[in-house]
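Inspection log for the structure reproduced underneath, given as structure tokens.
The values are calculated or read from the model by the stated rules, or taken from the named source; none is laboratory data. Everything quoted here is computed from the prediction, not taken from an experiment. Positions of Cβ are generated from backbone atoms using ideal geometry, with glycine treated the same way; all protein chains shown enter the neighbour counts. With ligands, DNA and RNA removed, areas are computed over all heavy atoms of the protein, side chains included. Shrake-Rupley method; radii C 1.70, N 1.55, O 1.52, S 1.80 Å.
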Amino acid sequence: MRILEVGDATEVESVLDVAESINGPVYIRMWRGQVPRLFPKTAPMKYGVARMLSDGTDVALVSSGLCTEEALTVMATFESSGVSIYHLHLSTIVPFPVHNIIEAAKKAKYGIIVMENHSVV
């Protein structure tokens with residue numbers, strides 16, 4: 001079982017192409033109602049790869065789904081206080097992109113914040 005989660009309108013538009021490319025069952029977590037566009041139309045969802053939204057060194061912020069929009073709002077507060085953020089957006093939940101998380105952890109001086117909208121997978 002593979003789990004994909006969309007974070008914006010661009011990913012909503014591309015998630016079925018990603019799901020079709022996977023051999024086996026796929027579960028898609030998707031918003032209902034109006035979905036904001038956070039990512040360019042020219043940057044569709046990629047299976048198994050986290051999107052790097054900013055490249056800071058103080059704190060790593062990992063977000064998925066609708067929490068990515070909230071994370072982008074929070075980032076402005078951190079950055080105005082002089083805290084640099086390494087922000088990853090995850091659209092592939094299973095298999096979990098461990099290599100991306102390890103890279104983020106290595107860059108973060110003070111720790112990792114995770115923002116997601118689901119229970120234990």
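So what's the back-of-envelope 222 nm ellipticity for the chain, counting only DSSP H runs of four-plus at -39500 (n - 2.57) apiece and dividing by all residues, rounded to 500?
Per the formula, -9000 deg cm²/dmol.
Could you rank His89, His99 by how accessible they are, 1.4 Å probe, largest area first?
Sorted descending by solvent-accessible area, the residues read His99, His89.
Find the accessible area per residue for the chain; the probe is 1.4 Å, ligands and nucleic acids are left out, and the unit is Å².
56 Å²
With an 8 Å cut-off on Cα pairs and a minimum separation of 6 or more residues, tell me the relative contact order of the stretch 59-98 in percent.
Once divided by the residue count of the stretch 59-98, the mean separation gives 56 percent.
Could you tell me the relative contact order of the chain? Use alpha-carbon pairs under 8 Å, at least six residues apart, and round to a whole percent.
33 percent
Please report the orientation-averaged projected area of the stretch 57-103, defined via the convex hull of its C-alpha atoms, in nm².
Dividing the Cα hull surface by four gives the mean projection, 3.2 nm².
Summarise the long-distance tail of P(r) for the stretch 39-78 by giving the % of C-alpha pairs beyond 15 Å.
Of all Cα-Cα pairs in the stretch 39-78, 48 percent lie more than 15 Å apart.
Run the dipole for the chain about the Cα centre, Lys and Arg Cβ at +1, Asp and Glu Cβ at -1, nothing else charged, and hand back the magnitude in debye, nearest 20. Numbers along the way, then the final one.
Details: 10 positive and 13 negative charges, 34 e Å.
For this selection, approximately 160 debye.
One quarter of the convex hull surface, Cα atoms only: what value does that give for the chain in nm²?
Numbers: hull surface 30.2 nm².
Averaged projected hull area, Cα only: 7.6 nm².
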